[in-house]
Each structure stands twice: as structure tokens, then as C-alpha cells.
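Enquirer: Next up is a structure, given as C-alpha cells.
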Amino acid sequence: MERIGVAIIGAGPAGLQAAITLSQLGHNPVVFEEHSIVGQPVQCGEGLSVFAFEDFSLPKDNEELCVKEFQRCKIHLSDQHVVYGDVNAFCINRDVFDQILAKKAAELGATILLSNKVATITKSQDGYTIQLEGENESSYQSKFLILAEGYKAQLSKELRFLRPEPMIKGLEYKIEGEWSEDLEFHFDAEKYPSGYCWIFPRKDETNIGIITTAKNRRQRLDLFLKEKGITGAIKRKIGGQIPMNGPLRKINDDNAFLVGDVAGMVNPIFYGGIRLAMTSGKVAGEIVGQSLSNLESGGISNPKLYAKSLKKYPFMRKINLKCHNFFYSRSNDFLAKLASILDGKYINRIEKWEKVKVLFSLLKHPSLLKSPRGLYHIYRGFKIARDWGF
């Protein structure tokens, strides 16, 4: 049995950023990845906020990585009205993105073991025993554990963490041709309950998808394409599940830490999570790195600092889930009235006198004013989602 300081399960953005941070602090984590190629298969809308690039010093001028840049998005709350939002985002090649992170982690000293699926993890007095699948049945003993295994949460359940439920399912087509000039989000409480359809134009192709709690997603997405007159050939279909309700309450226990999807690090409004995942990985790496250094010098570790340190970030605030619960429980009639008031406006720019104008407009729709707190939750939640939505 090989003894290591830190084991990271999963080579997605969360796990790789944890590895990068630990390596920068002088430690040598081992990353276990079940797939043979980092970043594949791709299960992502491939939109990413420019702030993620700034947070983690990522190359915005890499044409292989950054396909297209956007300064705004269109939010369709009804067929007649369009609301705008500042997004400052890129459409990326997600596999290239993950591979850049993996290369950086490896260059800094992390070990990434591909095609190494973890079968079981058991807690012991000395840390965590990691048993791999396969003929050689290799095992490792690690003092610290960072779980970045994704939404399935199979290993975290063995350690008595809760799964980030409920889940919402997404389906995306990669379609030939560019079918919009902006990022688009289409909401309809009846057609796409608890979710929306999106249009993310790229170079000579477009990612068009649906995320919803409805079961017949393919039929609903096909109908969306028909209604929008989108006739490009479908090059690829992908799908997956995403945590709906944002970060879990319990995200660490002793020396085990949850990061990324397994910790529910997803914005519950637009269901994006790359920047959130990487932030959780960075903070986990900092806390584990500090704890390792303390133990080496005869001190103690303080894993509780992980959750405490994350609390300062806007994506951890309860207002995001409150916005989710209120917004996705509204009827199409409510959304249409709200859209008529916000028509042509940038939802994240409603400040000072613009707020007064909106309030006067709301007086013409008394039904909307029955839930003033809910409207406030939408205002706050969408402002946070501008930066932390994806």
C-alpha cells in the first residue's frame, strides 16, 4: 500500500484546481481519474464567465480554448419581450479547458493517474484507504481526501455525506451553423418546468440545449428547434444530471472535503458550475495545504475552515436558492407581465432611478406586487448569476 499526503478523486475543474493550489503550496497531490483522457466525454454547455479566467489566471487569448466572446445575453421570459443581461463570458472547448488545467497541475508537481477508477474508500485511524478497480487492485493510504467525483456521489455516500439532491437533467445538441448573435436563455414554465432552453453560438456551430425536470426532454428540445426555425444538422448529442439546489450544508468531515458537483457547487438559477467548482477546489487546496504544513511542524489541522472560508463568496448565499424557488414556481402569465416591464432593459443594471421606473410600472400589475419579497429575490439572484451563473 502506497502512502500519500493528499488524494484527489476526479480530474474535472474542481479536482484539478485543488491539485494546482496544493502544488503551488509545495505539496504533491495524487489525482485519480477514471477516464483515459482528461475532459472527455464532454458534458457541458461550454459557457464560462470571464471572471473565471481572471480568478485562475487562464489564457483568454488561446483560440483553441476560447471559441467566442460575449458581452451580453438575451433572456426570453415570453415570446413578445426580451430582457438583456451583462454576462462577460466565453464559449469554450471544455475538453481543452480541462486539459490545460491538468497540464498546469502536472507541471507544478501533481501526479494524475488516468484510467484509475476508485472502487471504495474507507476511513481509518491513519486517514483514508483508497482501493482501485482493476486487475492489480492497487491501494493507497492518504491523510487527506478531496472528493471531486461529480454528481453521482458514489464514494462520498460511503463516507456518509449526503448526495446533492434533487437533480435536474439536461440534453444538448451541437448543431451546424451559428443560429444567434448572443447567448440566449428561453424560459417557459409549461414547456421547460424548473429550467430553460439555451442557444450558445460558436464558430460555425451552436450548442442548443434544454434543462428541465420534465421527462420528455428530447421531444421538447426538438419542438424548440422547430419553433425557432433551427434546421442545422445535429453533429452530437450529450446529456447529464446537475444538482438543483446549490451547495450542500455539510461539505467536509474530518479530513475529507467535497468540491464541485458532489458538493452541490452549482448556481441554482442557470445551473452553471465551472467557476464555483474551481473556487471550491482552490479553497479546499488552501485549507488542506495549510493543514499539511501545520502537521509537519507539529501543529494541528483545522478542516472546519473550509466551509467558513467559502461563506464569503456570493454563490454560497441563501438568496440564490430563494430566487430559484420563487422564479421557477411562477406561471407564464407572471413571467409575461414581468417581461413587459423589463422589456429591453438590462436586468443587472436596474439601479437608482431605474428602480423607481420599474416600481411605477409594477403598480400597473397588482398581481406581481403580491410577492414583493420574491421580486427582490429575483433581482438579487440574477445579479449574482451574472458573475456566478456559469
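Here, each number is a calculation from the coordinates, and none is a lab measurement. What you see is a predicted model, and the numbers here were worked out from it, not measured in a lab. Positions of Cβ are backbone-derived with ideal geometry, glycine not excepted, and every protein chain shown enters the neighbour counts.
Enquirer: In deg cm²/dmol and to the nearest 500, what is the mean residue ellipticity at 222 nm of the chain if only DSSP H runs of at least 4 residues count, each as -39500 (n - 2.57), divided by the residue total?
Expert: -10000 deg cm²/dmol
Enquirer: Shifting gears a bit: So, counting K/R as plus one and D/E as minus one, what does the shell of residues with Cβ under 14 Å around Pro29 add up to?
Expert: 0
Enquirer: With no solvent and one equal point scatterer per Cα, compute the Debye intensity ratio I(q)/I(0) for the stretch 169-240 at 0.22, 0.27 Å⁻¹ and report its log10, rounded to two decimals.
Expert: After summing over all Cα pairs, the log10 values are -0.91, -1.33.
Enquirer: Ok, one more. For the modelled label position 7 Å from the Cα of Lys250 along Cα-to-Cβ, which residues of the stretch 275-297 have backbone nitrogen atoms closer than 18 Å?
Expert: none
Enquirer: Computed FRET efficiency, Cβ-Cβ of Asn302 and Ser138, R0 30 Å: what is it to the nearest 0.05?
Expert: 0.45
Enquirer: Could you give the nm distance between label points at Gln290 and Asp55, where each point is 7 Å from its Cα heading toward the beta carbon?
Expert: Computed distance between label sites Gln290 and Asp55 equals 1.8 nm.
Enquirer: Tally Lys and Arg at +1 and Asp and Glu at -1 over the other residues with C-beta under 9 Å from the C-beta of Asp126: what net charge comes out?
Expert: +2
Enquirer: Can you tell me, using C-alpha contacts under 8 Å and at least 6 residues apart, the relative contact order of the stretch 169-240 as a whole percent?
Expert: Normalised by residue count, the contact order of the stretch 169-240 is 42 percent.
Enquirer: Taking R0 as 56 Å, what FRET efficiency do you get between Ala336 and Leu25 from their Cβ-Cβ distance, rounded to the nearest 0.05?
Expert: Rounded to the nearest 0.05, the efficiency is 0.60.
Enquirer: Now for a different question. Hey, got a sec? Which trypsin sites (Lys or Arg not before Pro) in the stretch 281-323 land in a DSSP loop and have at most 15 other Cβ atoms within 10 Å?
Expert: The qualifying sites are Lys304, Lys311, Lys312.
Enquirer: Excluding same-chain residues fewer than 8 positions from Lys191, which lysines have a Cα within less than 17 Å of its Cα?
Expert: Output for Lys191: Lys169, Lys215, Lys226, Lys228.
Enquirer: Towards the positive end of the charge dipole of the chain, with charges on Cβ (+1 Lys, Arg; -1 Asp, Glu), say which of Ile251, Asn320, Val262 has the farthest Cα.
Expert: So the residue we want is Asn320.
Enquirer: Roughly what would the spin-label model give for Thr122 and Glu190, points 7 Å off Cα along C-beta, in nm?
Expert: The modelled label-to-label distance comes out at 5.7 nm.
Enquirer: Can you tell me the order of 37-49, 226-238, 11-23 when each peptide is scored by its average per-residue count of other Cβ atoms within 10 angstrom, highest first?
Expert: Listed from highest to lowest mean packing, they are 11-23, 37-49, 226-238.
Enquirer: Less than 14 Å Cβ to Cβ from Val67, Lys/Arg counted +1 and Asp/Glu -1: what total charge do the surrounding residues give?
Expert: For residues surrounding Val67, the net value is -3.
Enquirer: To continue, here is another question. Taking 45 Å as R0, compute the FRET efficiency from the Cβ-Cβ separation of Thr129 and Lys357 and round it to 0.05.
Expert: Once rounded, the FRET efficiency stands at 0.15.
Enquirer: Could you give the length gained by full extension between Glu64 and Ser329, i.e. 0.36 nm per residue of separation minus their alpha carbon distance, to one decimal place?
Expert: 91.4 nm
Enquirer: For a paramagnetic label modelled at 7 Å from the Cα of Lys237 toward its Cβ, which residues of the stretch 172-203 fall within the zone defined by backbone nitrogen distances under 16 Å?
Expert: Within reach of a label on Lys237: 172-176.
Enquirer: Given charges of +1 on the Cβ of Lys and Arg and -1 on the Cβ of Asp and Glu, with all other atoms neutral, how large is the dipole of the chain about its Cα centre, in debye to the nearest 20?
Expert: Dipole about the Cα centre, nearest 20: 1920 debye.
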